[in-house]
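The values are calculated or read from the model by the stated rules, or taken from the named source; none is laboratory data. No experiment lies behind these values; they were computed from the predicted model shown. Every residue, glycine among them, receives a Cβ derived from its backbone with ideal geometry; neighbour counts consider all protein chains shown. Side chains are part of the model used for accessible areas, which takes the heavy atoms of the whole protein and leaves out ligands, DNA and RNA. Shrake-Rupley method; radii C 1.70, N 1.55, O 1.52, S 1.80 Å.
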Amino acid sequence: MLRTWRNTINRMVRRSLERANRHFGIKKNAPLLYSALSSFVRRRSKRLRPLLLLISYFGYAKKPSSTILHGATGFELLHN
C-alpha cells in the first residue's frame, strides 16, 4: 500500500511541474529554475513526509477524501 501511495505522489509531483511549465513557461523563461525543479521531481526519494501524512489521515478518517493526495503532494512540494 505504501509503495502505491509513493508512486501516486511521485506521479502527481511530476504532473505539477508539467502543469506549472504549461501555465508559466518555466522551461523557456527560467531554464535554471526548471532544471532544478525537474531534478527534484526525478530524484528517487522515499517521500516520507507525504506518506506520514497519509498514514495519519487514514488512521483517523472514517472515509477517504479525494483531496488528501493533493494535500500530501503539496506538502512534499512545499517542504522542498
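Go through (1) in contact (Cβ under 8 Å) with a residue 40 or more places away in the chain; (2) out of contact with any Ser or Thr (no Cβ under 7 Å at 6 or more places or on another chain) one by one and return the number of the condition Leu33 breaks.
Only one criterion is unmet by Leu33, namely (1).
How many residues are in a helix (DSSP H, G or I) and free of Cβ contacts under 8 Å to residues at least 40 places away in the same chain when one looks only at segment 1-30?
Summing the residues that are in a helix (DSSP H, G or I) and free of Cβ contacts under 8 Å to residues at least 40 places away in the same chain in segment 1-30 gives 19.
Any idea how many residues of segment 34-46 are farther than 16 Å from Thr73 by Cβ, among the hydroxyl-bearing types (Ser, Thr, Tyr) and surrounded by fewer than 16 Cβ atoms within 10 Å (Cβ to Cβ)?
Number of matching residues: 2.
Just to be sure before I move on: is Pro50 open to solvent by less than 100 Å² (accessible area, probe 1.4 Å), under 18 Å from Gly74 (Cα atoms) and modelled with pLDDT of 90 or more in the structure I sent?
yes
How about segment 3-28: which of its residues are more than 12 Å from the chain's Cα centre (by Cα) and either hydroxyl-bearing (Ser, Thr, Tyr) or open to solvent by less than 30 Å² (accessible area, probe 1.4 Å) (or both)?
Thr4, Ala20, Gly25, Ile26
Yes or no: Pro31 open to solvent by less than 60 Å² (accessible area, probe 1.4 Å) and modelled with pLDDT of 90 or more?
So Pro31 fails the test.
Does segment 35-43 include one or more residues that are modelled with pLDDT under 90 and not in a helix (DSSP H, G or I)?
Yes - at least one qualifying residue is present in segment 35-43.
Return the residues of segment 53-67 that are open to solvent by 50 Å² or more (accessible area, probe 1.4 Å), in contact with a Phe, Trp or Tyr (Cβ under 8 Å, 6 or more places away or on another chain) and outside any helix (DSSP H, G or I); say none if nothing qualifies.
Residue satisfying the conditions is Pro64 alone.
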